[in-house]
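Nothing in this text is a laboratory measurement; each read-out follows from the coordinates by a stated rule. Given the structure is predicted, the values throughout are model-derived calculations rather than measurements. In this analysis, Cβ positions are derived from the backbone assuming ideal geometry, glycine residues included, and neighbour counts consider all displayed protein chains.
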């Protein structure tokens with residue numbers, strides 16, 4: 001998770017009634033349930049390691065919907081009603097974050113639990129704003145309960161995150177080192193070199209137009225011979241079949257984006273941070289381009 005603000009916006013106005021508060025909370029829980037549930041049922045094999053995590057998260061949000069519905073009925077004499085909303089509820093489980101992990105070939109239970117913990121931390125921050133702005137004592141009291149619930153859930157998901165991290169370490173320690181394991185700990189320089197070989201090999205299975213698009217990817221950071229046709233480049237072909245090479249290239253490109261982002265986060269001085277941010281921006285643009293080529297070639 002990156003160091004951007006938890007909330008991209010604050011409540012634009014005070015919550016004036018319990019019915020409005022329950023409508024907001026129910027809307028947020030329902031969206032979270034749907035978005036987690038979509039990942040839990042996603043057939044993509046890349047998400048196999050995290051489907052069970054998102055199934056748990058979706059079930060928890062379903063429980064929250066049921067609880068909020070019952071509490072609203074008891075307090076207001078009706079179920080949560082979208083007609084009581086005076087402004088669009090702030091998105092606590094952003095669709096962009098769900099799409100990012102859904103498109104990732106590096107998703108693990110650790111990253112899934114970390115995302116869930118962040119979402120509940122975001123909920124806590126949101127409800128503290130509601131408490132600060134509210135004038136109705138019942139609204140403040142109910143929002144305080146929702147804030148405490150968010151903290152409790154966040155602590156629960158952080159415990160799961162720690163367990164997932166320990167499990168991942170044990171698994172990695174017990175595995176035989178292979179090319180994939182080497183990639184995980186590889187330096188950025190080595191990964192750039194390996195990615196170059198993969199892209200050249202990948203280009204050989206594409207149409208001329210797609211090959212040109214792939215070989216022109218981020219030319220400012222590639223050696224001059226990369227822009228020549230692959231059979232004249234003098235680069236040793238990467239091993240593997242076409243699909244294996246394509247998926248490996250996407251995975252390595254994503255790893256590089258993460259490496260550069262992490263370097264920017266941990267930079268000790270301004271110049272190092274700016275360099276890492278520049279590399280990260282270029283790497284993210286390259287990853288997006290590679291994914292576009294992969295999607296287009298899959299339609300042939």
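Values computed for the structure shown
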read-out: Sorted by Cβ density within 10 Å, fewest first, the residues 104, 152, 19; value: 152, 104, 19
read-out: Cβ crowding within 10 Å averaged over residues, with 24-36, 42-54 ranked highest first; value: 24-36, 42-54
read-out: Cα-based shape type of the range 18-174, given that a ≥ b ≥ c are square roots of the gyration tensor eigenvalues and the cut on a/c is 1.5; value: prolate
read-out: Packing-based ranking, highest mean first, of 245-258, 74-87, 132-145, 199-212 given that Cβ atoms within 10 Å are counted; value: 245-258, 199-212, 132-145, 74-87
read-out: Ranked by how many other beta carbons lie within 10 Å on average, peptides 119-125, 288-294 from highest; value: 119-125, 288-294
read-out: The range 1-111 shape via C-alpha gyration tensor axes, a/c threshold 1.5; value: oblate
read-out: Theoretical gain in end-to-end length, residue 135 to residue 96 [0.36 nm per residue, Cα-Cα removed]; value: 10.7 nm
read-out: Computed FRET value (nearest 0.05) for residue 42 with residue 156, which takes r as the C-beta separation and R₀ as 30 Å; value: 0.80
